[in-house]
Each structure stands twice: as C-alpha cells, then as structure tokens.
1. Please compute the modelled spin-label separation between ASN442 and GLN129, points set 7 Å along Cα→Cβ, answer in nm with one decimal.
2. Quick one: accessible surface of ILE247, probe radius 1.4 Å, all protein chains present, in square angstrom to the nearest 10.
3. Rounded to the nearest percent, how much of the accessible area of the stretch 120-208 (1.4 Å probe, protein heavy atoms only) is carbon and sulfur?
4. Would you pull out the residues with amide H under 5 Å of LEU417's amide H, same chain only if 5 or more places away, H placed 1.01 Å from N?
5. Over the stretch 150-237, average the accessible area per residue using a 1.4 Å probe and give it in Å², no decimals.
6. How large is ³J(HN,Hα), in whole Hz, for each residue of the stretch 172-187 in order, when computed from phi with the Karplus curve 6.51 cos²θ - 1.76 cosθ + 1.60 and θ = phi - 60°, using x for Gly and Pro?
7. So how do THR187, THR158 rank on accessible area, 1.4 Å probe, biggest first, that is with the largest at the start?
8. Out of residues 5 or more away from TYR459 or on other chains, whose amide H comes under 5 Å of its own, with H placed 1.01 Å from N in the peptide plane?
Amino acid sequence: AAAAARQAAEVEMLLERVHTNLYAIVAEAVDQVFHLERAWSKNEMVKRVVRYVYNAAKSQELLLLPWEQASAQLVENAMGAYCASCSEKNWCFELDLGQALASAAWELARATGQARSRSGEGPAVRFRQLKDKVIDEYEDKLDEALMSKAIWDATQVTFPDVAVQSKVNRALSKTHAKALEECLADTRPMPELQKVEQFTTRWMDSSMRQAWSSLDGGDSTISEGMVLRLFQNLIAPFGDVHPYSCIPPALIETIGRPPRDWQFLVDASKRLMASWRQELERPASAPKRRRVRPDSATGSATGAAGGEGPAGTLALPAHATAAAAALSGTVEILDSDDDDAGGAVGSRAGAEASRGGAGAQGYDDAGGAVGSRAGAEASRGGAGSQVSDVKVEHDPPEGHRECASGEDCVGRARDVLVRHWLEGTEGDLYCEACWRGLLCANPGLEGVWEDGPHAGEAYRDATHLKL
C-alpha cells in the first residue's frame, strides 16, 4: 500500500511538471499566432491547446513504453485531438507545438529513468535526440492533417452533394500516397515538370475511377468539367495566395506548384473522359462471346450471345472473360464484327495509347507501359484469325446458378463462390472463375470466400491472372 501510494504521488508530481511546462511553452507559442484568432481569448486558446497535449501525456501506458514508442504515441494522441478540434482555425497549422510536445516527452522519459544513465544499460537518451524524434513525428502528423484538410476543402467546394463529397474525398485520400509511390519508383531521369505531370495523371485516373465505381450515376457526377475543377482546387486548396498544394513537395521543390489554370489539367481531364468512353463502348465492337453447350438431339453447339452483366453486377470485360474462360475450360465462339480478330484488341491499344499521344507532355512512362501491354495483347489476336475462332472442349461449363454474371457465367456449378465487398458493404456473389476474370480488369477489387475451405477469409489467390 505504501509503495502504491508513493507511486501515485510520483505520477501526480510528474503530471504537475508536465502541465506547468506546457502552459508556459504554449503561451509563448500562442503569442505568435493569436492575431489570427477571432473568437477565443488568449487565455482560452492557451487552455484548450494545453489540454490536448496534457490529456495525451496522462495516459499511464506511456510510462510502460520505451521512450521512442512513448514519444510517438504521445504525439499521435495529442495531434489527433488538436487537429480534430482546431483544424478549421486559421492558426491551426501555424501554431508551433514542437517544443511543447518535446517537453512533455522529456518529462515522461525522466520519470521512467530513460533520460539518465543507469548502470549496465548503456547511455540514456539525450534531450536533443528525443526532441529530434518528437519533431519528426510532429511534422509527419501535421503534414497528414494538412493534406486531409486540403483534400476535404477542395472536394467540398467542387461537389455540392454531401454524399458525393464523402466518397470523392475517400477516393482521393486512399490513392494519393500510392500515386506518389509509383511515381517515385520510376527512377529514370526526367524533368521535374514531367514528374509532376506523371503523378497528376496517376492520381487523377486512380482516384476518379474509385470514386466513379462507388457512386450511383457516377458518369454524370464525375464529369470532365467536375474533374477539371476538382484538380484545379487540389492544386491550390487554400486559395492562390496560400502556398500549400496537394502536389507532393518532393516533386515541386525546385519549380514550385503549378498554377491553378494549368493547361495540363484541361488536357488530362479530356484524356481521362475519352479513355472511359472508349472502355464503355468497347463491348460493342469486341468479339461476341457465346457459351456453347452440345445439343443432345442434334449434337450441334448451341448457346446464347454474351453481353453486359445483369443490372447492378460487375460485367466481365472482353479480355477478362477470355482469361477466366481459359481457366475454367469454357467453350467459346468468337464472332468478330471487325476485319480481323485483333480488331477489338487493336481498338483498345489505340484507346490506351492515345493517353500518350501528341500534347500529352510527361507521359512517356505511361505511354511506354500501355504500348508494351497493348502490343502483347494485340499479338494474342494475330493476323489471319478472321470471322471466328472456335475452341472445342468436351466438358463445357454450365455456369453457376448463384453467380451474379448470370448467362455470362464462365464457371461451373461446383465452383467455390466469392462475395464482392465494396467499402465494407456486401456485394454480389461470383463463382471463382468469373471473379478471377474481374480481377484481370480491376486487381483492386476486394472479395471474401463465401464457401469452401477458406469461407469467411479474404480472397487471396496468387494464381489469378494479371493481364
């Protein structure tokens, strides 16, 4: 009991030191930005900011962690509360809390014996070392919060509908880091402007596709004009006077951010919509696929022409259907309306290659990747395969009666089922063969095994095609 009382008293003294130091440091920092506050008094502003950091420092768990983890956790908790409450304040991202957070982290390190030498445990952490760690964590959290606010602000002023704002904001936030990662992974030497264009193209395409797929009637909501306006707002989310941009600083540290009326955005949004239109029109010119079943009476092959999937379901694109059929043993007759069987593939190659056409500055990387892919696909439908290409199989599939592909199902009745999940919501059921085909066209789809030995687990199949 005596030991517990002594420990409680020590903790109380620790928290008193933390609070006293915070009040003095935060008050000094507030002096620098108080002119930006319109509602709170200076004392109220200091009290609120101190409370966010102090409440984070009060967590007993921090006293059980190594100083590195404790410091990181302190910053994360404090900045979470601070940004959630003050992000709309003009001074939120101007107030410097680095010294205040470092002071609180140092008191915690001292209280746990990690800020002074202890025999047999090597040198203790120095204040400068701890402060550098805290400042790094603080700046990372500040950058994340500022980016989140910038994307949200740009989305709000672009789309009037609240539901649309939420879905577009989520799509932009989820794809930003990935687009930057892919851009930086290309280590070929190129001008900074070309890098910026490359990033912008990747982010625009991936985010708008994700947003479009999550919206009902997305083709009218995600229009060329709205995409252009959205990315103009992302270039300067806080206005032309404020220097911040959603274009990563690593890409524009020399050339600065692009102007809001950047001509490249006009061209990129046009190319995006043009490629979408060509993709939507593709089934009309693609070879018609018919699932062939032997007629028991005549021995001839019969089947219904394939087409778009049932309303509300994901439709297998041409190349995905062919791939899934190859896996499941489907019998196909490819009736081409073009002069040769490569016509549909050729139109796709032209559509994708158009992204790297004249006037598409900085698209060498995308154009090269698309060109090589288009060439590979075109080679599959080589010259001379005119009129039809009949593939015969003795045991044709009958389709899975529960598969959402309906008549276009390329699987079998015994196939395992996969349920499509979109943003945490249950979607349609597909047989594994059709699901693999869908993954060919969109590797980002999420699914869960509905039955079979892995029922309830996330779909993980390293053998599915990646065309």
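The values are calculated or read from the model by the stated rules, or taken from the named source; none is laboratory data. Worth saying up front: this structure is predicted, and the values here are computed from it rather than measured. Cβ atoms come from the backbone with ideal geometry, glycine included; neighbour counts cover every protein chain shown. Keep in mind that these areas ignore ligands, DNA and RNA; they rest on the heavy atoms of the full protein, side chains included. Shrake-Rupley method; radii C 1.70, N 1.55, O 1.52, S 1.80 Å.
1. Rounded to a tenth, the inter-label distance reads 5.0 nm.
2. Counting only protein heavy atoms, the figure is 10 Å².
3. Looking at the stretch 120-208 in its full context, I get 54 percent from C and S.
4. Long-range HN contacts for LEU417: GLU450, ASP451.
5. 43 Å²
6. For the stretch 172-187, the Karplus-derived couplings read 5, 5, 6, 9, 4, 5, 5, 4, 5, 4, 5, 5, 6, 5, 7, 8 Hz, x marking Gly and Pro.
7. The ordering from most to least exposed comes out as THR187, THR158.
8. GLY447, VAL448, TRP449
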